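The values are calculated or read from the model by the stated rules, or taken from the named source; none is laboratory data. This structure is a prediction, so every number in the text was calculated from the model and none was measured. As a convention, Cβ positions derive from the backbone with ideal geometry for all residues, glycine included, and neighbour counts pool all protein chains shown. Only protein heavy atoms, including side chains, enter the accessible area calculation; ligands, DNA and RNA are left aside. Shrake-Rupley method; radii C 1.70, N 1.55, O 1.52, S 1.80 Å.
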Amino acid sequence: MTAEKRQITGSVAGPYAEHLINTAIRLGVSKACLQAATELQLSQLPAAISATDYLQLLNAADSAHPGIGVAVGNAVSPGAYPTLGLTLLSCETLAQTLEQVILFESLVHDLGTTRLETEGEQIALIWQPNPAYFPELHRDACRPVVESVLAGIKTSWIQS
């Protein structure tokens, strides 16, 4: 995200944002650092927050603890994914998990989309950042989000 503040109208589920906050604090990011990134009351998040607020929290956490995205994804639990989390617990295979992520990812956030591409016997998992939030698709702007999403998919599959 650029230094200027852009208002993004998309949303991120409150429990998903709460998971980010709790993971960041557990890893030593101060609550004051996170609070400075948003006007939200971090102790009482609504059911959904704006994508702008989520990205500001994530970027603040990543500045204080580089690589926070991987840590957030590795520590994810079904409760961080409203509705999708319970669905993932019932999956028996990686294919089922990925199908559910693709179908219900938008219930958690609309920061990007997951898709599978098949070529012969090879399957590629692709997460595409939403260009509305990342118009330049700069690697550094997208990195913490991509890391958290892909690590979260891996963790969700292992837990199911």
Practice item. Please find, among Val145, Val70, the residue that is in contact with a Ser or Thr (Cβ under 9 Å, 6 or more places away or on another chain), closer than 30 Å to Gly28 by Cβ and either modelled with pLDDT of 85 or more or not aliphatic (A, V, I, L, M) (or both). Key: Val70
Exercise for review: Could you identify the single residue in Ser43, Ser106, Ser63, Ser148 that is under 29 Å from Ala32 (Cα atoms), open to solvent by 70 Å² or more (accessible area, probe 1.4 Å) and part of a helix (DSSP H, G or I)?
Suggested key: Ser63
Review point. Looking at (1) in a helix (DSSP H, G or I); (2) open to solvent by less than 40 Å² (accessible area, probe 1.4 Å); (3) over 21 Å from Trp157 (Cβ atoms), which is the only condition Asn22 fails?
Key: (2)
Exercise for review: Select from region 109-124 the residues that are open to solvent by 40 Å² or more (accessible area, probe 1.4 Å), free of Cβ contacts under 8 Å to residues at least 40 places away in the same chain and under 16 Å from the mean Cα position of the chain (by Cα) and list them in ascending order.
Suggested key: Thr113, Arg115
Check your understanding: If you scan region 126-142, which residues turn out to be at pLDDT 85 or above and either polar (S, T, N, Q) or in a helix (DSSP H, G or I) (or both)?
Key -> Gln128, Asn130
